[in-house]
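Okay, structure first, notes after.
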Amino acid sequence: MMSKLSSHSARRLITTSVMTAVFGSALFIAPVQAGSLTEAVQKTVTEYPEIGEASANRRAIDQELEQAHGLYYPTLDIAAGAGKEWTDTTTIDSEWLTRTEGSISLSQTLVDGGARSAEVDRQSSRVDGAAYRVRERAEAIGLDVVQSYLDVLRNLEVVNLATENLEIHKRTLKEIRDRVDAGQSGIGDVQQTESRVSAAEAALVETLRQLDDSEIAYRRLVGETPLNMELPEFSDSVLPEGLEDIIAIGMESNPDIRFANADLKTSDAEIRAAEANFYPTVALELDANANNDTDGVSGHNDDFTAMLRLRYNLYRGGIDIGRQQEAIERSSESKQRKMRFERLVEEEIRQSWSILARSKARAAALGDQVVANGQVAATYRQEFEIGQRDLLDMLDSDNELFNSRTSLTTVEYAVLFAKYRLLATMGRLNSTLGITLPDEALPNDNS
């Protein structure tokens, strides 16, 4: 049965391992292998409240689209009433009657200057925009999960390194005390080594704090403690080879830009809706009334009308022109917003590309540095044991090796995250991971 993965359990998972000849035996934290990255992202996309909010908004706008379609259908109303009526006129002398009335009316708009069509198009593009917002949230939050997942793994490795570093210093302290007892070293060497042990302990505590932070972030996103984690395998073939190719895909597929395109269509439909007020409306109106004992006259009073009615506003205080100009400016605002999104997407792609390239180069250099530092540490330890190297040099070499190994681990995870970030900026993170998005992420055009 797998144990809970946490900094508390990490402290309990320190077990004995055989180190290299350089370090001898030391203790290390065995990282608990965890559930796959895909499983973590899928769970978050399915359950995370912010994505649920966006999905609910999409469903609400679906209903607004249904309302817009309803504008093409006739309206049918009935009315009925009964009560007392008193009439006193020059021809009717104070007459009380029990009045009843009933009516049914049907109205069908035939011509409206394109207002209904514009409203349907407006709501349809809003549905698309809401769908792309669900996608955008799924991509962004999915990337957050990737980052928190990798942070937990990275911090576990760093905790391992810090634990090894502490045990190396403890072993060195024991060796120095043995040398003091044998008269081969002075008490100053013990004090110097004790200082380094305290520093190594402080470094371990700090790495455990960082592990706590990453686990808390993971739990906020995924909703559970990280368990059974495993380092994800990334196939570089899913990324285009050239920066410009990635930018082109991002401009086409990034959900922020797709949202901006849908928003622009919404603005264009609003212009058409505003301009519809410049045209007359024609409606077919059917009315039937059945009344009894009305207006002081006993008996029934029934009528039926079938009318084509044209209504054309001639003056409304400039309101219609103002609405048209407002819609035009809103469309201009949408165009500017789209251009802003395009610049932001391109900037993020270029940043991710730069981080990836520089981190790869730095990882190569740090790899060489780790090898060199390992050789130096081994040599200095051998020379110290035969009296050709002082204690401070040996302690410094151990510390430099720890620092370089920690830096290498950090930059290796930075390389991996930069690749996932490129996918997210391209709008392809979830599709590459094989994530099933909510139904609400599918726009009307199914793209």
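The values are calculated or read from the model by the stated rules, or taken from the named source; none is laboratory data. This structure is a prediction, so every number in the text was calculated from the model and none was measured. Cβ: placed from backbone, ideal geometry, glycine included. Neighbour counts: every protein chain shown.
In the set Thr75, Thr16, Thr38, Thr44, only one residue is hydroxyl-bearing (Ser, Thr, Tyr) and at pLDDT below 95; that residue is Thr16.
Taken across the stretch 118-138, residues that are out of contact with any His (no Cβ under 9 Å at 6 or more places or on another chain) and surrounded by fewer than 18 Cβ atoms within 10 Å (Cβ to Cβ) do not occur at all. Applying a threshold of 9 Å to beta carbon distances and a minimum spacing of six or more residues, or different chains, the list of pairs starting in the stretch 36-52 at a residue that is among the charged types (D, E, K, R) and ending at one that is assigned to a loop (DSSP other than H, G, I, E, B) reads Lys43/Gly35; Lys43/Gly223; Lys43/Glu224; Glu47/Gly223. Out of Leu391, Leu408, one residue alone is surrounded by 14 or more Cβ atoms within 10 Å (Cβ to Cβ), at pLDDT 95 or above and farther than 17 Å from Leu239 by Cβ. It is Leu408. Residue check: is Gly142 surrounded by 18 or more Cβ atoms within 10 Å (Cβ to Cβ), out of contact with any Cys (no Cβ under 6 Å at 6 or more places or on another chain) and of a type outside the set (A, V, I, L, M, F, W, C)? Yes; evaluated as a whole, the condition is true for this residue. If you go through the stretch 321-370 and keep only what is under 29 Å from Arg258 (Cβ atoms) and of a type in the set (A, V, I, L, M), you end up with Ala327, Ile328, Met339, Leu344, Val345, Ile349, Ile355, Leu356, Ala357.
Cβ-Cβ contacts under 7 Å between residues 6 or more apart (or on different chains), taken from a first residue in the stretch 260-285 that is closer than 21 Å to Leu314 by Cα to a second residue that is of a type in the set (Val, Ile, Thr) and at pLDDT below 95, are absent.
With the structure loaded, tell me whether Glu139 is free of Cβ contacts under 8 Å to residues at least 40 places away in the same chain, in a helix (DSSP H, G or I) and acidic (Asp, Glu) or whether it fails that test.
no
Just checking, how many residues over the stretch 286-320 are in a strand (DSSP E or B), of a type outside the set (Val, Ile, Thr) and surrounded by 15 or more Cβ atoms within 10 Å (Cβ to Cβ)?
Taking the stretch 286-320 first, the residues in a strand (DSSP E or B) are 286-294, 297-311.
Checking the rest, the ones that are also of a type outside the set (Val, Ile, Thr) come to 286-293, 298-304, 306-311.
Those left that are additionally surrounded by 15 or more Cβ atoms within 10 Å (Cβ to Cβ): 286-293.
Of the residues in the stretch 286-320, 8 are in a strand (DSSP E or B), of a type outside the set (Val, Ile, Thr) and surrounded by 15 or more Cβ atoms within 10 Å (Cβ to Cβ).
Do we have any residue at all in the stretch 154-162 that's in contact (Cβ under 8 Å) with a residue 24 or more places away in the chain, under 18 Å from Leu401 (Cα atoms) and touching a His at 6+ places or on another chain (Cβ under 7 Å)? Within the stretch 154-162 (the criterion being in contact (Cβ under 8 Å) with a residue 24 or more places away in the chain, under 18 Å from Leu401 (Cα atoms) and touching a His at 6+ places or on another chain (Cβ under 7 Å)), the answer is no, since none of the residues qualifies.
The condition (being outside any strand (DSSP E or B) and either closer than 22 Å to Ala288 by Cα or in contact with an Asp or Glu (Cβ under 7 Å, 6 or more places away or on another chain) (or both)) is satisfied by just one residue among Ala82, Ala68, Ala60: Ala68.
Per the listing Leu422, Leu395, Leu401, Leu356, the residue uniquely in a helix (DSSP H, G or I), in contact (Cβ under 8 Å) with a residue 40 or more places away in the chain and under 30 Å from Arg171 (Cβ atoms) is Leu395.
Exactly one residue out of Glu241, Glu201 is at pLDDT below 95, over 24 Å from Thr46 (Cβ atoms), of a type in the set (D, E, K, R) and more than 24 Å from the chain's Cα centre (by Cα): that is Glu241. Residue pairs whose Cβ atoms lie under 9 Å apart, sitting 6 or more positions apart in sequence or on different chains, and linking a residue in the stretch 106-127 that is at negative phi and at pLDDT 95 or above to a partner that is outside any helix (DSSP H, G or I) and surrounded by 19 or more Cβ atoms within 10 Å (Cβ to Cβ), are Val127/Pro443. Quick one: count up the residues across the stretch 204-219 that are closer than 17 Å to Gln42 by Cα and either touching a residue at least 24 places away in the same chain (Cβ under 8 Å) or of a type in the set (Asp, Glu) (or both). Count: 2. Within the set Gln336, Gln375, the sole residue that is closer than 30 Å to Arg122 by Cβ and either surrounded by fewer than 21 Cβ atoms within 10 Å (Cβ to Cβ) or among the aliphatic types (A, V, I, L, M) (or both) turns out to be Gln336.
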